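Each reported figure results from applying straightforward, stated rules to the coordinates on display, with no laboratory input. Keep in mind the model is a prediction, meaning the values are calculated, not measured. So basically every Cβ, Gly included, is an ideal-geometry build from the backbone, and we count neighbours across all protein chains shown.
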Amino acid sequence: MAVKMFDGNGAAVEAIRLARPGVIAAYPITPQSSIAEHLADEVAAGRIDAEYVRVESEHSAMSVAVGAQLTGVRVATATASVGLALMHEVCGVAAGCRVPIVMPVVNRSLVAPWSLWCDHSDTMAERDTGWLQYYCANVQEILDLTLCAYRIAEHEDVMTPAMVCLDGFFLSHSMQRVDTPDDEAAWDFVKPYVRKNMYLDTNDVMFINDLCPTDEHSEIKYQQYVGFQEAARVTKEVFAEYEERFGRKLHTVESYRLDDADVAVVTIGSMSGTGKYVVNQLREQGVKAGLLRICMFRPFPAEEVAEALKNVKVIGVVDRSAGLGAAQGPVCTEVKAACCGTSSKIFGFCGGIAGRDISDGSFRKIFGELTDVAEGRSETCERWFDVKPNAMNIREVDVPC
Amino acid sequence: MQQNTPMNTPSKRRVLGPCSHVLVAANTGSWRLERPEVDAELCVRCGTCARYCPTACITVHKEGDPLDFDWNYCKGCGICANECPKQALTMVPEGGDD
């Protein structure tokens, strides 16, 4: 175990190197580009013994990944934002054909407007595609969760691809210290890739992803449903083994000072550290504040969320995507469904869009609103936070006469 | 509800997801409403019908019965009957005239 300095993308590359992929197909896109670039460097320097396929789009990258992994080799790719959107069709193929690809996704806003900066609209749009999703809180977790994702995705009871989601720039370009297992210890944990399902083999031909009639389609979707059920169990087993081997505890959901909390926020991704900082501040002031961080979003750990939040009076769920037209943002929708039947009041908050910082001030404001509800001074909370008051008038043109 | 047992023959194992070794899902013969019938007196075994058949399910013999159809795949489209230069093929309804 060595302490190394990595930015988030560097940690993802290191985890991929430790997993020894045989084929890499990645198309560069901000803020993922340095993953694609550094994977190429690693191959050129002989530190990864892989075929690097230079594809012309993300749609092709995922197509190469699916085809290559079906021959029985571990494959690496990574993307972000509209790259993930372009991949959408083939992401479904990987999931339905049970090809357990592990893919870091560097979270960046979707168009329009064009943006380079972080929010979760890209991965939230993929949340029902049939991929496991883990959201990282810091750079260390990118390495840890990527290594674990290989074991979870490739488990014979799961056989489901996994996205390791890391916030663009906040994590991808943030240099942090990372405890890194040495090559042999990591390889002993990740293990060589073994094909456990359908395969491409010229000596034993098989037609994969053929037209499936109505009288079998439901059954194949049901197989995926069972895979997700198993993934919840396997994730915990793999996290326990990881802690035993490397000494770091990983979470499906992480409770922070929730035991006696009256008000709490639910967070996802890199905003969580700021949230904990504000919880500590409020505790010093005598406010019974807490935080629940969701790390595993797919499969959604509904029972754990309900158990963790059962005694909290007022809950605010912070979504880093707009959830346009929905009753609530995607994370809040899940939390509300999980807590259905409890007496907690749950409010959705939406902010941190396209790189806008979710600051300690943002969390203090959110906790202020939640406390007002808890103490009867207010009935409801403002859904959008940190929005300029002149939002509807930020562009003006002269009216022609 | 779910039959989750792997196939228990040692040489077989369960595969999850859409794939096939044998193309059973495209048994186009089940779509057929009419089938071609050949008049052996008129047929000159030229093979035009076989070349136009979109499912390649017609075999032309040099001796004996002139044509064989693979009824698993013949969907009764009638192209063979249209293309036959000797009008040796006739489309007849499946399951009688009603």
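Would you mind computing the Rg to Rh ratio of chain A from its alpha-carbon coordinates, Kirkwood style for Rh?
Numbers: Rg = 21.6 Å, Rh = 21.9 Å.
Expressed as Rg/Rh, it is 0.99.
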Exercise. Can you run phi through the Karplus equation (6.51, -1.76, 1.60; θ = phi - 60°) for region A:388-397 and list ³J(HN,Hα) in whole Hz, with x for Gly and Pro?
Worked result: 4, x, 9, 3, 7, 10, 7, 10, 9, 10
Exercise. Between A:264, A:93, A:194, whose Cα lies farthest towards the positive end of the dipole of the protein assembly as shown when Lys and Arg beta carbons carry +1 and Asp and Glu beta carbons carry -1, centred on the Cα centre?
Worked result: A:264
Seminar exercise, completed: chain A, Gaussian network, Cα under 10 Å: of A:285, A:223, A:32, the residue fluctuating most is A:285
Exercise. Gaussian network model of chain A, Cα springs within a sub-10 Å range: biggest mean-square fluctuation belongs to which of A:332, A:212, A:97?
Worked result: A:212
Seminar exercise, completed: Comparing A:159, A:271, A:206 in a Gaussian network model of chain A (Cα, 10 Å), the one with the largest mean-square fluctuation is A:206
Exercise. How long, wide and thick is region A:276-401, going by the Cα atoms along their three principal axes, in whole angstroms, largest first?
Worked result: 62, 36, 27
Exercise. For region A:206-222, in order, what is each residue's ³J(HN,Hα) by Karplus, 6.51 cos²θ - 1.76 cosθ + 1.60 with θ = phi - 60°, in whole Hz (x at glycine and Pro)?
Worked result: 9, 9, 9, 6, 7, 4, 10, x, 3, 6, 10, 4, 4, 5, 6, 5, 4
Problem set entry | Which of A:155, B:61 has the fewest Cβ neighbours within 10 Å, and the rest in rising order | B:61, A:155
Exercise. Charges only on Cβ, +1 for Lys and Arg, -1 for Asp and Glu: so what's the dipole of region A:253-374 about the Cα centre, in debye to the nearest 20?
Worked result: 180
Seminar exercise, completed: The long-range amide H neighbours of residue A:347, using H built 1.01 Å from N in the peptide plane and a cut-off of under 5 Å, are A:315, A:316, A:317
Seminar exercise, completed: For residue A:298, the residues 5 or more places away or on another chain with a placed amide H closer than 5 Å to its own amide H are A:133
Problem set entry | Filter on A:336/A:388; A:249/A:365; A:288/A:310 - keep pairs with C-alpha separation over 20 Å | A:336/A:388; A:249/A:365
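Work out the P(r) tail for region B:45-98: percent of alpha carbon pairs separated by more than 18 Å, whole number. Present the calculation step by step, with values, prior to reporting the outcome.
Values: 428 of 1431 pairs.
Of the Cα pairs, 30 percent sit more than 18 Å apart.
Where nothing but the Cβ of Lys and Arg (+1) and of Asp and Glu (-1) is charged, how large is the charge dipole of the protein assembly as shown around its Cα centre, in debye to the nearest 20? Mind showing how you got there, number by number?
Working: 48 positive and 68 negative charges, 197 e Å.
Dipole magnitude for the protein assembly as shown comes out near 940 debye.
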Problem set entry | Dipole of the protein assembly as shown [Lys/Arg +1, Asp/Glu -1 at C-beta], most positive-end residue of A:131, A:159, A:239 | A:239
Exercise. Over region A:185-234, what lengths in whole Å, largest first, do the semi-axes of the equivalent ellipsoid take, defined as the square roots of 5 times the eigenvalues of the alpha-carbon gyration tensor?
Worked result: 27, 21, 5
Problem set entry | Among beta bridges that DSSP assigns inside the protein assembly as shown, antiparallel share in %, nearest 5 | 40
Exercise. Under a 5 Å amide H to amide H cut-off, with H placed in plane at 1.01 Å, what residues pair with residue A:53 once short-range neighbours are removed?
Worked result: A:24, A:25, A:26
For this session: Determine ³J(HN,Hα), in whole Hz, for all residues of region A:227-242 in sequence, where each value follows from phi through the Karplus function 6.51 cos²θ - 1.76 cosθ + 1.60 and θ = phi - 60°; x replaces Gly and Pro.
Result: x, 5, 4, 5, 4, 4, 5, 4, 4, 5, 4, 5, 4, 5, 5, 4
Problem set entry | Within chain A, helix-based [θ] at 222 nm, where runs of 4 or more DSSP H residues each add -39,500 (n - 2.57), nearest 500 | -12500 deg cm²/dmol
